[in-house]
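For reference, the structure is listed below as structure tokens.
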Amino acid sequence: MNLKDKTYLVVGGSHGIGAELVTQLTEAGAEVICWSRTEPENTSSKLRYSQVDILDHNNDLPTIEGKLHGLAYCPGSINLGSFPRLKLEAFEQDLELNLLGAVRVLQHCIKALSAAGADGGASVLLFSTVAVRVGLPFHASIAAAKGAVEGLVRSLAAEYAPKNIRFNAIAPSLTDTPLAAGLLADDKKREASAERHPLKRVGNPKETASTGVHLLSPNAAWITGQVIAIDGGMSALR
Ligand SMILES: NC(=O)c1ccc[n+]([C@@H]2O[C@H](COP(=O)([O-])OP(=O)(O)OC[C@H]3O[C@@H](n4cnc5c(N)ncnc54)[C@H](OP(=O)(O)O)[C@@H]3O)[C@@H](O)[C@H]2O)c1
């Protein structure tokens, strides 16, 4: 894939799936802007990093000049607990990071995305979770927040289709990233998690990111308003 002359913003490109997105986008020749709280290890000359905490409303987001051909918003949470133990604050925090953070970034970047939309197309990638399509115990807070993300994706896909900006989401199941470290902390937990998936393993961030890069690229120019399951079959198979 050749993404030369394209510019992408990856929010949360320092770790996990976002870091893989940054690697694969820069390797394809794109210029990549990364916003996160800690600096990515990636030292590509195609990468520009700004320290940003998306939840810090005291600081303005960095200005994006010119055209933005794509944007991926990767911050997310796995905040699990039985319903009585999930306090209202947990629901608020999950909505704040997963939904409202994405809204804040999108409203900030929509002009730059529209400029690319008017000049061939732009693409936005958000992240949901398998727990929206499949009811899983103890996932009430994160499933509710990501369900809102899926609604946002479909609504904005409809609103911005005439401007040639595509909106899609990936809904992963358990993927081996820093976010999931607690759930994969030892062999026993890892085996139990693998066993829950038809393909008998957990996901890895490279394979999730490669679908993300496809959705962000002009190769996916006919795909919008979709939530793509990358979950080892968990949402579709018994
Ligand atoms: N991993 C899974 O099992 C799994 C399962 C289902 C859904 N998902 C979803 O997939 C997406 C990516 O997950 P992941 O596992 O790659 O997550 P991750 O390992 O936690 O990485 C998240 C990225 O977002 C950044 N970030 C977090 N909070 C931020 C903030 N306040 N401001 C700016 N940047 C922030 C982190 O960087 P800094 O810490 O440097 O800021 C990091 O680069 C998430 O939306 C997640 O909910 C993941």
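Where a number appears in this text, it was derived from the coordinates with a stated rule and is not lab data. A quick note: this is a predicted structure, and the numbers were derived from the prediction, not measured. Cβ: placed from backbone, ideal geometry, glycine included. Neighbour counts: every protein chain shown.
Table for the structure above
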| read-out | value |
| --- | --- |
| FRET efficiency for residue 41 and residue 210, using Cβ-Cβ distance with R0 set to 22 Å, rounded to 0.05 | 0.70 |
| Global form of the range 108-225, assessed from the alpha-carbon gyration tensor, a/c cut-off 1.5 | prolate |
| Helix 101-117 axis, angle to the chain major axis (alpha carbon atoms, nearest 10°) | 40 |
| Angle in degrees between helix 140-160 and the longest Cα principal axis of the chain, rounded to the nearest 10 | 30 |
| Cα convex hull of the chain, projected area averaged across orientations, nm² | 12.8 |
| R0 of 25 Å, Cβ-Cβ distance residue 190-residue 83: FRET efficiency to nearest 0.05 | 0.40 |
| Cα-centre dipole for the range 7-230 with unit charges at Cβ (Lys and Arg positive, Asp and Glu negative), debye to 20 | 520 |
| 0 to 90° range, to nearest 10: angle between helix 205-216 axis and the chain longest Cα axis | 40 |
| Table column - 3J(HN,Hα) (Hz), the range 41-57, Karplus curve with 6.51, -1.76, 1.60, x for Gly and Pro | 6, 4, 10, 4, 5, 8, 9, 10, 10, 10, 6, 9, 9, 5, 8, 8, 7 |
| Inter-centroid distance (Cα atoms) of the range 193-230 relative to the range 38-89, Å | 20 |
| Distance violations [Cα-Cα > 20 Å] among 4/163; 4/46; 146/189; 67/163; 46/146 | 4/163; 146/189; 46/146 |
| At 1.002 mPa s and 20 °C, Stokes D of the range 35-115 from Kirkwood alpha-carbon radius, µm² per second | 146 |
| Cross-link reach list, lysines versus residue 188, counting only Cα pairs under 21 Å and skipping chain neighbours closer than eight places | 200 |
